[in-house]
1. Just for helices (runs of 4 or more DSSP H) wholly inside the range 13-89: which have at least 2 residues that are within 16 Å of ligand 1 (Cβ to nearest atom)?
2. Report whether or not Ile11 is touching a Pro at 6+ places or on another chain (Cβ under 8 Å) and either modelled with pLDDT under 95 or away from ligand 2 (no atom under 16 Å from the Cβ) (or both).
3. From the residues in the range 143-177 that are assigned to a helix (DSSP H, G or I) and in contact with a helix residue (DSSP H, G or I) (Cβ under 6 Å, 6 or more places away or on another chain), which one is farthest from ligand 1 (Cβ to nearest atom)?
4. What's the total number of residues in the range 300-318 that are closer than 30 Å to Asn67 by Cβ and in a helix (DSSP H, G or I)?
5. Considering (1) more than 10 Å from ligand 1 (Cβ to nearest atom); (2) farther than 22 Å from Gly14 by Cα; (3) surrounded by 17 or more Cβ atoms within 10 Å (Cβ to Cβ), say which one Gly211 fails and leave the rest.
6. Quick one: is Ala237 surrounded by 23 or more Cβ atoms within 10 Å (Cβ to Cβ) and assigned to a helix (DSSP H, G or I)?
7. Can you work out which of the residues in the range 328-369 that are of a type in the set (Val, Ile, Thr) and part of a helix (DSSP H, G or I) is nearest to the chain's Cα centre (by Cα)?
8. When both residues are 6+ apart or on different chains and their Cβ atoms are under 7 Å apart, which pairs have a first residue that lies in the range 37-59 and is in the same structural domain as Gly84 (by TED's automatic domain parsing), and a second that is basic (Lys, Arg) and outside any helix (DSSP H, G or I)?
Amino acid sequence: MKFSYVNPTQIHFGQGQIETVASSIPTTEKVLVIYGGGSIKSNGVYDQVAKALESHTWQEFSGVEPNTTKETLDKAVAIVKQDGIDYILAVGGGSVIDGSKYVAAAAKYDGEGWDILTGDHQVTDATPIGAILTLPATGSESNMGAVITKAETQDKLAFLAPAVQPKFAVLDPDVMKSLPEKQLINGIVDAWVHVCEQYLTLPTNAMVQDGYAETLLRSLKSLGEQFEQRDNDEWRANLMWSANQALNGLIGSGVPQDWATHMIGHELTALWHVDHARSLAIVQPSLLRNQLQYKRAKLEQMGVNVFGLDKSEDLAERTIYAIEQFYLQLNVPTKLTEHGSDKAAAIDAVIDQLTQHGMVVLGENQSITLEKSREILTEAIA
Ligand code: NZQ
Ligand code: ZN
């Protein structure tokens, strides 16, 4: 175990905390508020933001779409450059916060913004960002990652840079009251898979990381099982905090990480617009079965410590089954159907995209070759 760890994002958690934005951004800063398709206008969040920014000079950019595209975001980059914006306030879910990270980095770069995603430009400077989270799922509000789509070529790629990590994040669970059921479920599933990507690898006896990962998984499992009781303050607060802790860098410190489910899942979203979380539920069970020889010990540990299963020869297999049942109980499918009827063409399309994106060996052991990805997709695509 060897690592350096810092999480510099100040979290303001709880009801009414949006007002802290007033003092979190200096009044000398010119602010650009970035948001999505308008949910914040109908649920009162926009009004709270406007009130908090009463003493600031600010303007807005709206229309950031789910699985946000560089084509849309480049319009915001131009505004930040032209209008001399000093601070970005992202108000939304993962797409808005990720999009704001791209805008913040591209605004400090004279070249083509997409270079950031291809790795041709290494981000070292960015406009400071604050975030008001409206959809707990991605953890983007207090991490340094962003996933951006280039619509023109159906590329969905990620970048990581400490410079784009939000300076502060407001997590007020009340904003979740307007979330459609589907997005609440997506949040549970995305956070769940984030923990799995950092936990279901090989045993390293990292007692703190494993123990906290299991606590998060048990919490998410309970929230899923109590989904009928979701309209209460504790349920919302627990999901918001679980999803944040699942991907803020802590449980992944000093342990092997996988992320193959995400890399393959991103291609399903790029090609067929499958919701991010749903792409993960489609890929993960097939991937775990495919990689059982490497993941058996951790699957057994998860079976006992998260699902309370008894020990047996086939404990790892039963754990994968339990994960799959968890998704199905939430009405989240574990097979892709969005591709239409030509399964062979769909598999080829994903393999082509993975090849183009250099995703030719994936997973904590680098054991998911294109051939293995093909096997996984053969199981995951209906
Ligand atoms: O655009 P609006 O009108 O706000 O509507 C959004 C959007 O349609 C709606 N919504 C958000 N908050 C709401 C609300 N509706 C009602 N009430 C509210 N309070 O929800 C819809 C989906 O929003 P989106 O931001 O797309 O969802 P999510 O948070 O799941 O983000 C997904 C994106 O994050 C990336 C994904 O790839 C995907 O592009 N990820 C980012 C990660 C990171 N930065 O660390 C890691 C993740 O693994 C993931 O890859
Ligand atoms: Zn995710």
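The values are calculated or read from the model by the stated rules, or taken from the named source; none is laboratory data. In this text, all values refer to a predicted model and were calculated from it rather than measured experimentally. Glycine gets a Cβ as well: all are built from the backbone with ideal geometry, and neighbour counts include every protein chain shown.
1. The helices (runs of 4 or more DSSP H) meeting that bar are 39-42, 45-52, 70-83.
2. no
3. Ala151
4. Qualifying residue count, the range 300-318: 1.
5. It is condition (3) that Gly211 fails.
6. When the stated conditions are applied, Ala237 does not pass them.
7. Val350
8. Thr57/Lys30
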